[in-house]
Amino acid sequence: MIGPDTVGIAERLGVAADTATAIPQLAAETGLDVDAAYAVQTALIQRRLDRGERLVGLKMGLTSKAKMAQVGVDEVIWGHLTDTMRVPDGGTLDVGAFIHPRVEPEVAFLLDRLPEPGEPIGDFTDAVRAVAPAIELIDSRYANFTFSLPDVIADNTSAAAFVIGPWSPVPDGLENLGVLLEVDGRVTQVGSTAAILGDPRRALDEGIRLAGRHGVRLREGWVFLAGAATAAVPLKPGAHVRAVVENLGTASLRASA
């Protein structure tokens with residue numbers, strides 16, 4: 001039996017992202033399962049690397065019940081981050097470059113060494129150099145932001161852009177810090193880092209384990225986005241977005257008008 005055309009599917013997704021044009025879901029049509037979807041994601045990222053981008057980290061997706069419920073998927077997933085996805089803290093983002101962008105507050109880790117799968121959380125601070133508040137912009141390439149699990153995995157977990165606030169030492173109580181998402185000075189989402197698998201450090205462990213299944217190891221100096229602490233909200237032209245994480249500070253971005 002011939003498997004899905006991973007390169008061809010990756011090209012369709014890549015063109016959709018490049019042109020900000022939504023496409024129909026692909027998994028049912030092409031027979032994608034989860035493993036084949038990660039192969040498509042690899043081809044999609046290779047397409048970006050071939051045009052000069054470089055890998056700078058990994059991200060988790062669907063690490064909170066709110067996010068799972070929002071998109072109708074119930075399994076934690078992971079994706080890649082490249083240098084062109086990063087927006088400076090306080091920077092401006094061209095919303096016209098995206099199909100239906102949404103933003104969510106996150107926690108980011110800066111890796112100091114390569115953690116081992118299953119490493120005890122007690123050893124976490126030896127592997128992580130710093131932690132920061134972050135914003136991730138997600139933008140599914142599928143029409144109506146609707147997809148199956150293989151679809152979203154193939155689409156690099158809807159990754160589009162990210163902002164990282166100031167780095168600081170890992171604080172006590174990381175597993176239960178308050179999180180706010182503000183849009184134009186108004187609080188739109190309230191949550192806790194506990195929503196990220198009960199503790200954002202568990203997301204790192206899951207990322208190491210899941211990526212390792214597909215031959216990917218995290219690297220020293222990489223950024224790791226642990227996942228959203230709340231549901232995502234649409235990013236409108238001209239909006240100013242700020243993520244606030246207790247004891248960590250803020251990260252912000254502005255959408256072009």
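The values are calculated or read from the model by the stated rules, or taken from the named source; none is laboratory data. Worth saying up front: this structure is predicted, and the values here are computed from it rather than measured. A quick note on method: Cβ atoms are made from the backbone with ideal geometry, for glycine too, and the neighbour counts reach across all protein chains shown. All accessible areas refer to the heavy atoms of the entire protein, side chains included, with ligands and DNA or RNA removed. Shrake-Rupley method; radii C 1.70, N 1.55, O 1.52, S 1.80 Å.
Points worth noting:
- Residues in segment 185-257 average 42 Å² of solvent-accessible surface per residue, probe 1.4 Å, ligands and nucleic acids excluded.
- The mean sequence separation of alpha-carbon pairs under 8 Å and at least six residues apart, normalised by the residue count of segment 130-257, gives a relative contact order of 31 percent.
- The amide H of ALA160, built 1.01 Å from its N in the peptide plane, has LEU137, ASP139 as neighbours under 5 Å, considering only residues 5 or more places off or on other chains.
- Solvent-accessible area per residue for segment 11-66 (1.4 angstrom probe, square angstrom): 47
- For ASP50, solvent-accessible area (1.4 Å; no DNA, RNA or ligand), Å²: 120
- The chain: DSSP helices with Cα axial extent of at least 18 Å and average Kyte-Doolittle hydropathy no lower than -0.5: 6-19, 34-50
- Candidates GLU246, GLU75, GLU106: whichever shows maximal mean-square fluctuation once the chain is modelled as a Gaussian network with Cα springs under 10 Å: GLU75
- Helix-only mean residue ellipticity at 222 nm for the chain, each DSSP H run of n ≥ 4 adding -39500 (n - 2.57), per residue, nearest 500: -7500 deg cm²/dmol
- Residue order for GLU182, GLU29 - accessible surface, 1.4 angstrom probe, largest first: GLU29, GLU182
- Normalised convex hull volume, segment 104-256, alpha-carbon set, Å³ per residue: 112
- Projecting the Cα positions of PHE162, ILE99, TYR38 onto the charge dipole of the chain (unit charges on Cβ atoms of Lys, Arg, Asp and Glu, taken about the Cα centre) puts ILE99 furthest along the positive direction.
- Calculated log₁₀ intensity ratio I(q)/I(0) where the Debye formula runs over C-alpha points of the chain, q = 0.12, 0.15, 0.16 Å⁻¹: -0.64, -1.03, -1.19
- Cβ-defined net charge surrounding GLU11, 14 Å radius [Lys, Arg +1; Asp, Glu -1]: +1
- Ligands, DNA and RNA left out, the 1.4 Å accessible surface of the chain is 51% carbon and sulfur atoms.
- Taking all protein chains together and rolling a 1.4 Å probe, LEU49 ends up with roughly 50 Å² accessible.
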